[in-house]
Amino acid sequence: QKEVEQDPGPLSVPEGAIVSLNCTYSNSAFQYFMWYRQYSRKGPELLMYTYSSGNKEDGRFTAQVDKSSKYISLFIRDSQPSDSATYLCAMSAVGSNYKLTFGKGTLLTVNP
Amino acid sequence: ETGVTQTPRHLVMGMTNKKSLKCEQHLGHNAMYWYKQSAKKPLELMFVYNFKEQTENNSVPSRFSPECPNSSHLFLHLHTLQPEDSALYLCASSQIGPQGPGNTIYFGEGSWLTVV
């Protein structure tokens, strides 16, 4: 079983839709969870950062962590064409802040 | 502008060539990284440098040779690569310290490498 599983998509939605992106993981030591956004031919940029379980909201983006299920989600409300990108989940254990384990990424296209 | 600058952005090299990728970070961080991103695979950590000292080498073949002369600069020297080494090579930096969003990893825009 891979440490982090992420459906690569592609996912195509109309503008204004609510998007749900997910990752599952197997390592119970993971405590820090991140979502990166990567535009085509660019490097990943940090979008959301959460610690342990719970929700975090930032504008149209909400990150959720359910450690009991080893499941994390990123929700995008009122999606825009500019949200079209690959979304990568990443996670790390306590004391290993430099060692991130990534999912494969989900390619999202928001159609005008 | 991410604060991590990589050059060149694109590189095509033959299997017998020697070339280098360069990275510079302007964020005042004390750790730098090389990652490899291939199609349909997760980002793979290659090397980690903390305060110029290599602390991680993830079983990377010796045809990849990193160099970190100071905390702001990182190189990846390439020699006798194979076509399967073609990928996006990402440099990143972070501040080693208490875990939190301020100490997470910031990526450059990457160097696209094609080995022919």
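Residue-wise HN-Hα couplings along the stretch A:47-56, as the Karplus relation 6.51 cos²θ - 1.76 cosθ + 1.60 with θ = phi - 60° gives them from phi, are 10, 9, 9, 10, 10, 6, 8, x, 10, 9 Hz; Gly and Pro carry x. Compared with the direct C-alpha span, the chain from B:Glu84 to B:Ala39 gains 15.1 nm at full extension, assuming 0.36 nm per residue. Surface listing: A:Ser12, A:Ser68, B:Ser72 arranged by accessible area from highest to lowest gives A:Ser68, A:Ser12, B:Ser72, probe 1.4 Å. Of the residues B:Gln82, A:Tyr32, A:Tyr98, the one whose Cα sits farthest towards the positive end of the charge dipole of the protein assembly as shown is B:Gln82 (charges of +1 on Lys and Arg Cβ, -1 on Asp and Glu Cβ, taken about the Cα centre). Taking a straight line from the alpha carbon of B:Lys52, these aspartates and glutamates sit under 16 Å away, with near neighbours fewer than eight places off in the same chain left out: B:Glu24, B:Glu67. Accessible area per residue for the stretch B:1-84 is 52 Å², calculated with a 1.4 Å probe on protein heavy atoms, without ligands, DNA or RNA. Interface size between chain A and chain B, please: total buried accessible area, 1.4 Å probe, rounded to the nearest 100 Å². That pair of chains buries around 2100 Å² in total. Of the trypsin sites (Lys or Arg not before Pro) found in the stretch A:1-98, those that fall in a DSSP loop while having at most 12 other beta-carbon atoms within 10 Å are A:Lys2, A:Arg41.
Less than 11 Å Cβ to Cβ from B:Val115, Lys/Arg counted +1 and Asp/Glu -1: what total charge do the surrounding residues give? Charge balance near B:Val115 sits at 0.
Shielding by partners for peptide B:40-49, expressed as the average number of C-beta atoms from other protein chains within 10 Å of each residue's C-beta, is 4. By the beta carbon rule, with partners counted only under 4.7 Å, chain B holds these lone Cys residues: B:Cys68. Close amide H pairs (under 5 Å, H built 1.01 Å from N) link B:Gly110 with B:Gln6, B:Cys91, residues at least 5 positions away or on another chain.
Within the shell defined by Cβ-Cβ distances under 15 Å, the residues around B:Pro66 carry a net charge of 0, with Lys and Arg each +1 and Asp and Glu each -1.
The portion of the accessible surface of the protein assembly as shown made up by carbon and sulfur, rounded to a whole percent, is 50 (1.4 Å probe; DNA, RNA and ligands excluded). The trypsin sites (Lys or Arg not before Pro) of the stretch B:35-116 that meet both conditions, a loop assignment by DSSP and at most 14 other Cβ atoms within 10 Å of the site Cβ, are B:Lys40, B:Arg63. Its Cα centre serving as origin, the protein assembly as shown has a Cβ charge dipole (Lys and Arg +1, Asp and Glu -1) of approximately 360 debye. When the listed pairs A:Lys42/A:Lys99; A:Lys56/B:Lys41; A:Lys104/B:Lys19; A:Lys70/B:Lys22 are checked against a 30 Å cut-off, the alpha-carbon distance exceeds it for A:Lys70/B:Lys22. Net charge of the neighbourhood of A:Phe102, taken over other residues with C-beta under 10 Å away and scored Lys/Arg +1, Asp/Glu -1, is 0. Indicate the gyration tensor shape class of the stretch A:37-112 (rounded, prolate or oblate), computed on the Cα atoms with a ≥ b ≥ c the square roots of the eigenvalues: a/c under 1.5 is rounded; otherwise a/b larger than b/c is prolate and the rest oblate. Because a/c hits 1.5 or more and a/b fails to exceed b/c, the stretch A:37-112 counts as oblate. Placing +1 on each Lys and Arg Cβ and -1 on each Asp and Glu Cβ, with no other charges, gives the stretch A:1-93 a dipole about its Cα centre of roughly 180 debye.
Counting only GluC sites (Glu not before Pro) that DSSP places in a loop and that have at most 15 other Cβ atoms within 10 Å, the longest clean stretch of chain A runs over A:16-112.
The values are calculated or read from the model by the stated rules, or taken from the named source; none is laboratory data. Since we're looking at a predicted model, the values are computed, not measured. Backbone-built Cβ (ideal geometry, glycine too); neighbour counts: all protein chains shown. What goes into the accessible areas is simple: the full protein's heavy atoms, side chains included, and nothing from ligands, DNA or RNA. Shrake-Rupley method; radii C 1.70, N 1.55, O 1.52, S 1.80 Å.
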